[in-house]
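Comments concern the structure below.
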Amino acid sequence: MIKWKLICLTAVILFSVTDEVKAGDNSPVYPDAGSWNTFSISYALNKKFALLFTEELRLRENYSRLNLFYTNLGVEYKANKYFKTSLVYRWIDKYLDNDNFSFRHRLMWDATIKYPYKNFTLSYRHRLQVEGRNLLSSMSGFMPEWYSRSKFELSYKITEKLGTYIATEFRYQIHDPRSIESEGTWHRIRYQGGFDYELTDRSKCGVYYLIQHEWNVSSPENLYITGLEYSLSLKREPKAKN
């Protein structure tokens, strides 16, 4: 009973914070639909450390136009079943309206806490990210953007292979020289729900739906995203004894 009260209280707090941070913003909002398609590999070096690789392709303008694609390379450290942290570098190719690409470099530090209870898992992930863009082709390329992102997730294991989840993520702008109007404010929230299915003991696929709202920015946009995911979990095999 206490666990359920905690889960319900968390949901109430999240929706209350959302209403409060969005209050008073009457800027016109532009809707758009798109898709995010992700392939990822986790390669366990041992019980504590793993190498991470991800490729993602995103479409926008009602699935009709390329938005971006990115590559993640990183390392993850799992302290125990409750806590893990990772450091990831992301190369981003952002497709622009003038048919050129903007090349961006992002560094992300994640810290995740999980609390499993029977078939439920409640988790919180904090991400600190810094990003630069067009480093060698723009005078402002070395002016970094800093963001803090907080994500809450509740998952439920339906069967041995099938699971579902809901999640909410808030983004806070620490500093962005290209978006001064959002300086020191919460300006984006994401709602996400989906299903994951284990194909084998080393692979799984997933589908989700994500809604993103923006405020406190010059041109706020609402995104409605369908996502597809496929992931592999590999590990280094021990050397055979002679």
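The values are calculated or read from the model by the stated rules, or taken from the named source; none is laboratory data. Please read all numbers here as calculations on a predicted model, not as lab measurements. Cβ placement follows ideal geometry from the backbone for every residue including glycine, while neighbour counts extend to all protein chains displayed.
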- Item | Looking only at region 180-194, and only at residues there that are touching an Asp or Glu at 6+ places or on another chain (Cβ under 8 Å) and more than 15 Å from Gly206 (Cα to Cα), the one that is modelled with the lowest pLDDT | Ser182
- Query: Of all residues in region 177-188, which are buried (at least 18 other Cβ atoms within 10 Å of the Cβ) and not small (Gly, Ala, Ser)?
  - Reply: Trp186, His187, Arg188
- Is region 191-208 home to any residue that is surrounded by 15 or more Cβ atoms within 10 Å (Cβ to Cβ) and among the hydrophobic types (A, V, I, L, M, F, W, C)? no
- Flag if Arg236 is of a type outside the set (Ser, Thr, Tyr), touching a residue at least 60 places away in the same chain (Cβ under 8 Å) and surrounded by fewer than 16 Cβ atoms within 10 Å (Cβ to Cβ): yes
- Message: List pairs: first residue in region 29-53 and assigned to a loop (DSSP other than H, G, I, E, B), second residue at pLDDT 95 or above and of a type in the set (A, V, I, L, M) anywhere in the structure, Cβ distance under 7 angstrom, at least six positions apart or on different chains.
- Response: Leu45/Leu51
- touching a residue at least 60 places away in the same chain (Cβ under 8 Å) and crowded, with 17+ Cβ neighbours inside 10 Å: does that describe Asn216? yes
- Meets criteria (surrounded by 12 or more Cβ atoms within 10 Å (Cβ to Cβ), at pLDDT 95 or above, under 19 Å from Thr112 (Cβ atoms) and among the β-branched types (Val, Ile, Thr)) for Thr54: yes
- Tally, over region 149-179, of residues that are β-branched (Val, Ile, Thr) and in contact with a Leu (Cβ under 8 Å, 6 or more places away or on another chain): 2
- Query: With (1) modelled with pLDDT under 95; (2) within 17 Å of the chain's Cα centre (by Cα); (3) not polar (S, T, N, Q) as the list, and Asp99 as the residue in question, which single condition is left unmet?
  - Reply: (2)
